[in-house]
Amino acid sequence: MVGSAILRKLKSLGYNNLVYAPSSELNLLDQAAVDDFYRREKPEYVFMAAARVGGIAANNTYRAQFLYENLMMQNHVIHGAWQHGVNKLLFLGSSCIYPKLAPQPLKEEYLLTGPLEPTNEPYAVAKIAGIKMCDAYRAQYGCRFISAMPTNLYGPNDNYDLKTSHVLPALLRKFIEAVKSGAPEVVLWGTGTPYREFMHVDDCADGCVFLMLHYDQEGHINIGTGLDLQIKDLAALIAGITGYKGKIVHDSSKPDGTPRKLMDVSRINQMGWTAKIKLEDGIKMVFEEIKDQF
Ligand code: GFB
């Protein structure tokens, strides 16, 4: 989802010497394959958007895969970028790197100041390792490696599998299907009280290109909208957009996850970048794209 959005953004800006490969052609878990790719394509700038990702249930269930695969992929891509003299690399992480109960909004300096949210600790540990790896390669070898932490994303090419997806695509699918089938109720996981911040992936891609052009420092930087809402209010918003009028019930056997993770985006805002797509407009765009899929 993020990689294809960055590609769309770069193409729209007129960049035409773009090299990329889908996971079916380049297995980032295979160091020799990554090395071959660098040798063959000689990229000057690298956006490391590839990751094993998923919603709260996927993170909690596939704990070993989330830790192992993310560490291996980022190790190969970051280490290879140094070996092959890449001019600049951007590593992407996630807002779940911050401590579960960190003060809100989440400032960059809150990293490693407290225990992580247990449901996504393996993923967060891998992403924190990626940030530290970029910083270590900068310190020891002088590499221009930067890292950016986007908030929860949604948009084209999202995952709509109800077992592994994030909340926003899951709710879109559930409400669309309920409207079509006339189902009297839709099930929401957890209490609906946690707050989440959502950003359209096209805004994220825009932010990534901005940072590649304008940010060159040790330490990660947040990318987000700076606005959040409760999951139950997200559900009401999506119900309205999809035309769902039935009941919303809660499955309290499912975890809530972290109570809140609102990004402090003052650093990137002060550099001159802000997210542009309003949540309601973004959800409407995605709804139009996917409403006939289910
Ligand atoms: O988006 P989500 O799966 O992940 O869940 P996180 C956010 C909230 O929505 C949780 C609730 O409180 C869920 O219980 N929720 C309600 C649902 N209904 C549903 C549903 O049908 N499906 C899903 N998936 N959730 C992930 C992390 O955390 O966010 C990752 O695990 C990463 O590491 C990612 O940081 C951005 O926001 O809790």
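The values are calculated or read from the model by the stated rules, or taken from the named source; none is laboratory data. What you see is a predicted model, and the numbers here were worked out from it, not measured in a lab. Glycine also receives a Cβ, built like all others from the backbone with ideal geometry; neighbour counts cover every protein chain displayed. To get the accessible areas, we keep the full protein, side chains included, count just its heavy atoms, and leave off ligands, DNA and RNA. Shrake-Rupley method; radii C 1.70, N 1.55, O 1.52, S 1.80 Å.
A few notes on this one:
- Which numbered condition N70 fails, given (1) farther than 30 Å from G190 by Cα; (2) touching a residue at least 60 places away in the same chain (Cβ under 8 Å): (1)
- Segment 42-65 residues that are free of Cβ contacts under 8 Å to residues at least 60 places away in the same chain and open to solvent by less than 80 Å² (accessible area, probe 1.4 Å), paired with ones that are away from the ligand (no atom under 11 Å from the Cβ) and part of a loop (DSSP other than H, G, I, E, B) (beta carbon under 6 Å, 6 or more apart): P43/V19; V46/V86; A50/L28
- Pairing residues of segment 236-261 that are assigned to a helix (DSSP H, G or I) with residues that are within 11 Å of the ligand (Cβ to nearest atom), at Cβ distances under 6 Å and at least 6 apart in sequence or on separate chains, gives I238/L171; I238/L172; I238/F175; A239/F175; T242/F175.
- Members of segment 112-127 that are within 14 Å of the ligand (Cβ to nearest atom) and either among the small types (G, A, S) or closer than 24 Å to V209 by Cβ (or both): A124, A126, K127
Residue-by-condition table, conditions (1) away from the ligand (no atom under 16 Å from the Cβ); (2) charged (D, E, K, R); (3) under 24 Å from L213 (Cβ atoms):
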| position | (1), (2), (3) |
| --- | --- |
| Y38 | yes, no, yes |
| R52 | no, yes, no |
| E69 | no, yes, no |
| V77 | yes, no, yes |
| Q83 | yes, no, no |
| L92 | no, no, yes |
| A102 | no, no, no |
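- Extreme residue, least open to solvent (accessible area, probe 1.4 Å), among residues of segment 226-247 that are more than 19 Å from Y154 (Cβ to Cβ) and either of a type in the set (K, R) or near the ligand (Cβ under 10 Å from one of its atoms) (or both): K247
- Scanning segment 117-144 for residues that are buried (at least 21 other Cβ atoms within 10 Å of the Cβ) and without any contact (Cβ under 8 Å) to a residue 24 or more places away in the chain turns up nothing.
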